[in-house]
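Down below is the structure, laid out as structure tokens.
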Amino acid sequence: MTKVEEKLVAKEASPLDEIARRGAQRMIEAAMEVEVEQYVTHLRGHRDERGHAQVVRNGHGQERTVTVGSGTMQLRAPRVNDKRMVDGERQRFVSRILPPYLRRSKNVSELLPLLYLRGLSTGDFREALPVLLGEEAAGLSPSSITRLVSVWQDEYEAWKKRSLADRDYVYVWVDGVHFGVRLEDERLCALVMIGARPDGTKEIIALEDGYRESKESWEELLRDVSKRGMRVPEVAIGDGALGFWAAVRDVWPATREQRCWVHKIANALDKLPKSMQPKAKSKLHEAMNAPTRAACDERAHGV
């Protein structure tokens, strides 16, 4: 049994999956019929010089294999013969439900890069996708996965260069996320920055590769977001990694520093016997959520 088969367990679709697939197919077919009927009815007043309707039903197109979230199915889209001419251009009916040449839904296309990022290699898709979407899953070869991932990478590059001049961030939270993968004898580290806007909305500001959590890596990230128009935040919140705080003092000297409560609590609990940790954790959370500093100090002393 392959790794993919071990993860997905079953190789054949269950009766429930088959019922869902058939039900989805009937609903799509019915929706396409309604779409065409509305189009023809709306334009039935258009007649040629002999009084014949210029927009009429014209049977169905060839059967097409289409993959959607509930599986892969065979569909025949209804056709329309539209003879109208507008500004010298022949008009034609284009289905919004099943556009020409569509082979998979948008949701499926978005699923593929997600599976790739979760660790599924392009070679594994041949085994995984038939289990998820049926044996005849359309347009889902390793090369198509590679193209989709390339599109995602282009979108990420554009996101990294977007302007930040149109918004304020009052607080920012930062952390370095370490992975087990080694590249060039060093562990990969993702530098993450999340910001809170004045209305409380939280947004991811930056997500960059870093050399461990060095001052140089954090400095490069802070200078980049500043160059793209981000204004200096009031408070920066992070763990005890010294590289970030050294970078903040150089790039944002006016920003106040605050240690992350989650890391502080975890460090404190690590010093206690396991039997005492649940009660201490509850007391520390009470201190963290205290309405004032005095109340926080009082609750912290009770731990």
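The values are calculated or read from the model by the stated rules, or taken from the named source; none is laboratory data. Note that this is a predicted model, so its numbers are computed, not measured. In this analysis, Cβ positions are derived from the backbone assuming ideal geometry, glycine residues included, and neighbour counts consider all displayed protein chains. The accessibility values were calculated without ligands, DNA or RNA, using every heavy atom of the protein model including side chains. Shrake-Rupley method; radii C 1.70, N 1.55, O 1.52, S 1.80 Å.
Name the residues whose placed amide hydrogens come within less than 5 Å of the amide hydrogen of Cys189, ignoring near sequence neighbours (fewer than 5 apart) on the same chain.
Gly210, Arg212
Around Gly238, what is the net charge, scoring Lys/Arg as +1 and Asp/Glu as -1 over all other residues with Cβ under 9 Å from its Cβ?
-2
Any idea of the accessible area per residue across region 195-303, 1.4 Å probe, to the nearest Å²?
Accessible surface, normalised per residue, equals 64 Å².
Report the label-to-label distance for His52 and Ala246 in nanometres (one decimal), using points 7 Å from each Cα along the Cα→Cβ vector.
8.3 nm
FRET efficiency for His178 and His301, Cβ-Cβ distance as r, R0 = 45 Å, nearest 0.05?
After rounding to 0.05, the efficiency reads 0.85.
Counting only protein heavy atoms and a 1.4 Å probe, tell me what percentage of region 167-303's accessible area is made up of carbon and sulfur.
The C+S portion of the solvent-accessible surface of region 167-303 is 52 percent.
Per-residue HN-Hα couplings for region 290-301, Karplus 6.51 cos²θ - 1.76 cosθ + 1.60 at θ = phi - 60°, whole Hz, x for Gly and Pro?
Here the 3J(HN,Hα) series is 5, x, 9, 5, 5, 5, 5, 4, 5, 6, 5, 5 Hz.
Under 16 Å from a label point 7 Å along Cα→Cβ of Ser163: give me every residue in region 226-241 with its amide N that close.
It comes to 226-231, nothing else.
Ordered by residue, what ³J(HN,Hα) values in Hz, to whole numbers, does region 251-268 give under the Karplus form 6.51 cos²θ - 1.76 cosθ + 1.60, where θ = phi - 60° and Gly and Pro are x?
Values, residue by residue: 8, 10, x, 7, 6, 6, 9, 9, 6, 5, 4, 4, 5, 5, 5, 4, 5, 5 Hz.
If each of Arg90 and Trp261 carries a label point 7 Å out from its Cα toward its Cβ, how far apart are those two points in nm?
Using points 7 Å along Cα→Cβ, the separation is 6.8 nm.
List the pairs from Lys161/Lys264; Lys202/Lys264; Lys215/Lys264; Lys161/Lys202; Lys215/Lys279 whose alpha-carbon separation is above 27 Å, in the order I gave them.
Distance filter (> 27 Å) returns Lys161/Lys264; Lys215/Lys279.
Hey, can you grab everything whose amide H is under 5 Å from the amide H of Ile205? Only 5+ residues off in sequence or another chain; H modelled, so Pro and N-termini drop out.
Met193, Ile194, Gly195
Taking amide H positions as placed in the peptide plane 1.01 Å from N, state which residues far from His60 in sequence (5 or more) or on other chains have amide H under 5 Å from it.
For His60, the qualifying residues are Arg79.
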